[in-house]
Each structure stands twice: as C-alpha cells, then as structure tokens.
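The next block holds one structure in the form of structure tokens; read it before the comments.
The values are calculated or read from the model by the stated rules, or taken from the named source; none is laboratory data. Note that the coordinates shown come from a computational prediction; the quantities given were computed from them, not determined experimentally. Quick reminder, even Gly has a Cβ in these numbers, built from the backbone with ideal geometry, and neighbours come from all protein chains shown.
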Amino acid sequence: MSLPLQLYDFISILFPGIVLLTLVKIEFSELLLFNSTNQYEDLAILFVFAYVLGHLLQGIIRTKQAKRILKIFESKNNVEASKLIGRHFEIGVSKEVKDQVDDAIINFYGVDIHALQDSEKFDLIYSPVVDRMGQRQIFVAIANFLRAMGVIAGFLFIVMFGKILSITWTQRTFAFTETIILFIALLAFRVFSSDAMYFKRFTDTIPYYAFLAWYKEKKL
C-alpha cells in the first residue's frame, strides 16, 4: 500500500479522536484525565486516549445501525441501463461498460459470470489491481474521517439537546447558545455524512475502472 500507515491513522483515526477528546474536555473539564500537573505526561496520555477514541469511532461507524443512518444521506444515482456491485454500493454505469467488465472477468478468469456472487465478482476485479490503486487509499481515509466526524456531530447534537431540555426544565429560560450549537451540529452531521457517502461510492468505482484499464493494457 503506497499510503503510509501513519498518514491513514492520522486522517481517519487520530484526528477525529482529537476532535472528540477536545469536545469532551470542553463539556467535562472536571474529569481527572484533564487535571494532570505533568505537561508531557498529560500530552502523552491524551494522545493515547485520542487514538483509542478514534478507533472507537471507526468501530461505531461500522455497525449496522450507524450504516443505516448514514445511508439516509446517500445521494441517489440517476437510473442507468446497468449496475456494477461494489463493496458498499451499487454503481450505475452504461451497458457498454458493464459488458466490457464482464467480458474482462470471463476472459481473464475463465469463469461463468452468472455463477458468481456479487462479493466474489468485486474481489476478482480488485485482486489484480490492488497495488495499482494507492491513491484509492487516500479516498478511503477521507471517507472514514468524514464518517467519524459525522458521528461526533451526532454525539454533539444529542448532548446539546439534553442540555437544552435540562436548562429549559430547571431554569425556565431559553438556551440560546446551546440551540445554536445544536443546529450547527445537525448541519455538520448532514454535511459530513453526505460527503462520506460520496467518497465511499467513489472508492467502490475506482477498482472496476482500474481493472478494466489493466486488462486492456495486458491485451496490447
């Protein structure tokens, strides 16, 4: 994989973890975690916590429940003549492109294309070109980063909603600041989730065209 692991970790795991930890510190600054007197020790601990939280966020967005919510913001393709099945989405393409992909799989592997499951078909086109798609890993990292930020925005929305109810109930006043943050969080959730779906769909599209280009190069 041409994308360094450290860069992938920073984009999709560490940075969202830092954002979430910062929000936790703002809302719960009295926690013992944020009251260390040793600056360097404190920084190291927070770094580890941010990394762990980043992994936790990635675990959450891979759950079925989170995927269903994010799917709401998936942009629908125009009706196409044919579809290719990616790892996450159906990809609308012209009949000519689909026929060329199917012919390439049949001629290269010598298999009955109709006997393959959708996941098997994707794996077959992915395997020969996995080393030719280094840039795809960047889009995967961006998509995972956006999904994690969407989850954070969702958490912030829930926290602000709870604070608004609490302030309204106990103080009988309008929580203006919290309401503004709530709407910003809702907007951020919408934007991050929609953009994440765009990049995820893009990462499903790349392997098919990379395989088709690779196959045609081999035939020259």
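The sole residue among Ala185, Ala196 that is modelled with pLDDT of 90 or more and in contact with a Gly (Cβ under 8 Å, 6 or more places away or on another chain) is Ala185.
Is it true that some residue in segment 148-157 is modelled with pLDDT of 85 or more and over 17 Å from the mean Cα position of the chain (by Cα)? Checked against the condition, which is being modelled with pLDDT of 85 or more and over 17 Å from the mean Cα position of the chain (by Cα), segment 148-157 yields at least one hit. Considered as a group, the residues in segment 2-44 that are closer than 22 Å to Gly59 by Cα and modelled with pLDDT under 65 include one that is surrounded by the most Cβ atoms within 10 Å (Cβ to Cβ), and that residue is Leu3. Would you confirm, using the coordinates I've provided, whether Phe161 is at pLDDT 90 or above, hydrophobic (A, V, I, L, M, F, W, C) and over 20 Å from the mean Cα position of the chain (by Cα)? Considered against the rule, which asks whether it is at pLDDT 90 or above, hydrophobic (A, V, I, L, M, F, W, C) and over 20 Å from the mean Cα position of the chain (by Cα), Phe161 comes out as yes. For the residues Pro128, Pro207, the requirement of being touching a residue at least 12 places away in the same chain (Cβ under 8 Å) and either within 17 Å of His88 (Cα to Cα) or of a type in the set (Lys, Arg) (or both) singles out Pro207.
Screening Ala148 against (1) touching a residue at least 12 places away in the same chain (Cβ under 8 Å); (2) surrounded by fewer than 17 Cβ atoms within 10 Å (Cβ to Cβ) leaves a single unmet condition, (2).
One residue stands out in segment 105-123 among those that are assigned to a helix (DSSP H, G or I) and within 17 Å of Lys83 (Cβ to Cβ): the one that is modelled with the lowest pLDDT, namely Asp118.
Taken over segment 101-124, the residue count meeting the criterion of being surrounded by 16 or more Cβ atoms within 10 Å (Cβ to Cβ) and not small (Gly, Ala, Ser) is 8.
Checked against (1) over 20 Å from Gln137 (Cβ atoms); (2) modelled with pLDDT of 85 or more; (3) within 14 Å of the chain's Cα centre (by Cα), Lys64 passes all but condition (2).
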